[in-house]
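Chemist: Structure below; questions to follow.
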Amino acid sequence: MATAVKSDIKLEPSPNPFEVAQQQLDEAAELLELDSAIHHLLRWPMRELHVTLPVRMDDGSTKIYHGFRVQYNDARGPTKGGIRFHPDETIDTVRALAAWMTWKTAVVDIPLGGAKGGVICNPKELSDGELERLSRAYIRQVGRILGLKKDIPAPDVYTTPQIMAWMADEYAFMKGHNEFGVITGKPLALGGSAGRGDATARGGLYCLREAGKLLDIKLDGATTAIQGYGNAGSFAHKLGVELLGLTVVAVSDSRGGIYNKGGLEYDAVFAHKQKTGSVVEFPGSEPITNEALLELDVTISIPAALESVITERNANKISAKFLVELANGPTTPEADKILYEAGCYVIPDFLCNAGGVTVSYFEMVQNSYNYYWTEQLVHERLDEKMTSAFHVVHDTAQEHKVHNRLAAYLVAVSKVAEAVKLRGWVS
Ligand code: NAD
């Protein structure tokens, strides 16, 4: 007998991240006096695919999942962007992330467009076998619109190098041969790039290093709070200490946060998270909520989890001198204005976290050559890209007397608009 099925497609979150992304673009379009057809085109994804995925569960039942792939704009090259597995995933979150990928590849000037993918699921509740079957099912559906010259996925929240390996393998079966360059963020043994693992955090810290020099603020010993302790957040802790000498006093994950005013030691916190699944209850620390962590009196605040955590409700409680946005979309437009007026130096998301896609691009290049670079060379080339993009954005902000996010939009949107025009899409 058929049973009633409750829809697991989520309603849009508030604030809606895609509306936020469109609002940010609108502001830049006005300043740039962008042609209205180009503006209209850039407000929307060029293509999107919605997929329904039947997955065999360990208990023999079949569960139906829903997923998306949004190819936002490919005027500057094949689209590129990660795949997120999250219970709260929505089409508008994926659209926003795909838009930000478009601006991200443009701001660091790599010859790619922007895309994003997602599956509504809770990977924490899945066994390895279920996760593998879900990952393969996603690629079987979405693989038809992927390709080295079309669209190249990568990891994002709750997807890992192992998941990329399963996806690359499934894609190889679909094509009849290996095409390693089609999925980046793979393990080293399957054509991954040296330096991809920590690239997102490393790129953001290169920007912070430059910002520290410009503002003449000493970073050695500067107190730091990090929200999110996955790829971006945990490497920000490790490299923040190693490269810049930061003192990380608070970190958090989805279960809560920990605080120690004397500083948290990376190796010990990371080992605790590996062992228990969370940073909470780390010996010698005090508990702190994710909300309170952002409001701590620290020099550097690093949101490295999800969108819309800094809004008009808490922006005036943020006292950090630097907001290093490793997460995508952590700050709403209303909060941006408050932070700018308060003198907080924001390194905006699609500049700050562009290290990940930059090294993913290096991975594609190495896969095409079938010849691999040393980690040292990857770091040098990443530093060159991030440092140059950071200064272009900073100088643009000074020139136009606008905040850094708007400046990053001015740089990125001009490049995409130029490509759209040169191709003759809009006369
Ligand atoms: P991840 O899955 O490795 O880690 C996510 C972390 O966030 C986990 O520690 C999780 O516990 C925590 N988290 C989840 N919900 C939370 C909540 N409500 N409050 C606090 N913490 C929470 O993901 P990641 O790859 O580190 O991605 C984090 C952010 O960085 C995302 O915004 C992502 O889009 C962005 N980003 C990642 C990359 C990359 O290369 N991985 C590149 C660019 C941007």
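Chemist: Filter the helices (runs of 4 or more DSSP H) completely within the range 300-412 down to those with at least 3 residues that are among the acidic types (Asp, Glu) and away from the ligand (no atom under 14 Å from the Cβ). Full working, then the answer.
Modeler: Values: elements: 333-341, 349-352, 355-369, 375-400.
Those helices (runs of 4 or more DSSP H) span 333-341, 375-400.
Chemist: Among the residues of the range 51-71, are any surrounded by fewer than 24 Cβ atoms within 10 Å (Cβ to Cβ), closer than 30 Å to residue 387 by Cβ and not β-branched (Val, Ile, Thr)?
Modeler: There is no residue in the range 51-71 that is surrounded by fewer than 24 Cβ atoms within 10 Å (Cβ to Cβ), closer than 30 Å to residue 387 by Cβ and not β-branched (Val, Ile, Thr).
Chemist: Oh, and also: May I ask you to list the residues in the range 286-299 that are more than 16 Å from the ligand (Cβ to nearest atom) and hydroxyl-bearing (Ser, Thr, Tyr)? Steps first, answer last, please.
Modeler: Of the residues in the range 286-299, the ones more than 16 Å from the ligand (Cβ to nearest atom) are 286, 297-299.
Once the filter is applied, which keeps residues that are more than 16 Å from the ligand (Cβ to nearest atom) and hydroxyl-bearing (Ser, Thr, Tyr), the range 286-299 yields only 299.
Chemist: Against the conditions (1) over 19 Å from the mean Cα position of the chain (by Cα); (2) within 16 Å of the ligand (Cβ to nearest atom); (3) closer than 19 Å to residue 68 by Cβ, where does residue 188 fall short? Just the number, please.
Modeler: Residue 188 satisfies all of (1) over 19 Å from the mean Cα position of the chain (by Cα); (2) within 16 Å of the ligand (Cβ to nearest atom); (3) closer than 19 Å to residue 68 by Cβ except (3).
Chemist: Within the range 247-281, how many residues turn out to be of a type in the set (Lys, Arg) and away from the ligand (no atom under 14 Å from the Cβ)? Please lay out each step first, then the result.
Modeler: Within the range 247-281, the subset of a type in the set (Lys, Arg) is 255, 261, 273, 275.
Right, trim to away from the ligand (no atom under 14 Å from the Cβ) and you get 261, 275.
Here the count works out to 2.
Chemist: Tell me, which strands (runs of 3 or more DSSP E) wholly within the range 54-161 include 1 or more residues that are at pLDDT 95 or above and under 13 Å from the mean Cα position of the chain (by Cα)?
Modeler: On the way: elements: 62-73, 79-86, 114-120, 151-155.
By residue number, 79-86, 114-120, 151-155.
Chemist: On to the next question. When only residues in the range 294-319 that are buried (at least 24 other Cβ atoms within 10 Å of the Cβ) and of a type in the set (A, V, I, L, M, F, W, C) count, which is farthest from residue 351 (Cα to Cα)?
Modeler: Among residues in the range 294-319 that are buried (at least 24 other Cβ atoms within 10 Å of the Cβ) and of a type in the set (A, V, I, L, M, F, W, C), the one farthest from residue 351 (Cα to Cα) is 298.
Chemist: Among 221, 203, 212, which is small (Gly, Ala, Ser), assigned by TED's automatic domain parsing to the domain that holds residue 353 and more than 23 Å from residue 349 (Cα to Cα)?
Modeler: Working: 203 fails: more than 23 Å from residue 349 (Cα to Cα); 212 fails: more than 23 Å from residue 349 (Cα to Cα).
Result of the check over 221, 203, 212: 221.
Chemist: Additional query: Give me the pairs: first residue in the range 326-346 and touching a residue at least 40 places away in the same chain (Cβ under 8 Å) and over 15 Å from residue 294 (Cβ atoms), second residue within 14 Å of the ligand (Cβ to nearest atom) and in a loop (DSSP other than H, G, I, E, B), beta-carbon distance under 8 Å, and six or more apart or on different chains, which are they?
Modeler: Between residues of the range 326-346 that are touching a residue at least 40 places away in the same chain (Cβ under 8 Å) and over 15 Å from residue 294 (Cβ atoms) and residues that are within 14 Å of the ligand (Cβ to nearest atom) and in a loop (DSSP other than H, G, I, E, B), the close pairs are 328/307; 328/353.
Chemist: With the condition kept exactly as written, say whether any residue in the range 146-164 is within 16 Å of the ligand (Cβ to nearest atom) and acidic (Asp, Glu).
Modeler: From the range 146-164, those within 16 Å of the ligand (Cβ to nearest atom) are 152-164; that's our starting set.
The next check asks that each one be acidic (Asp, Glu); those that pass are 156.
Taking every residue of the range 146-164 in turn, at least one turns out to be within 16 Å of the ligand (Cβ to nearest atom) and acidic (Asp, Glu).
The values are calculated or read from the model by the stated rules, or taken from the named source; none is laboratory data. Note that this is a predicted model, so its numbers are computed, not measured. Positions of Cβ are generated from backbone atoms using ideal geometry, with glycine treated the same way; all protein chains shown enter the neighbour counts.
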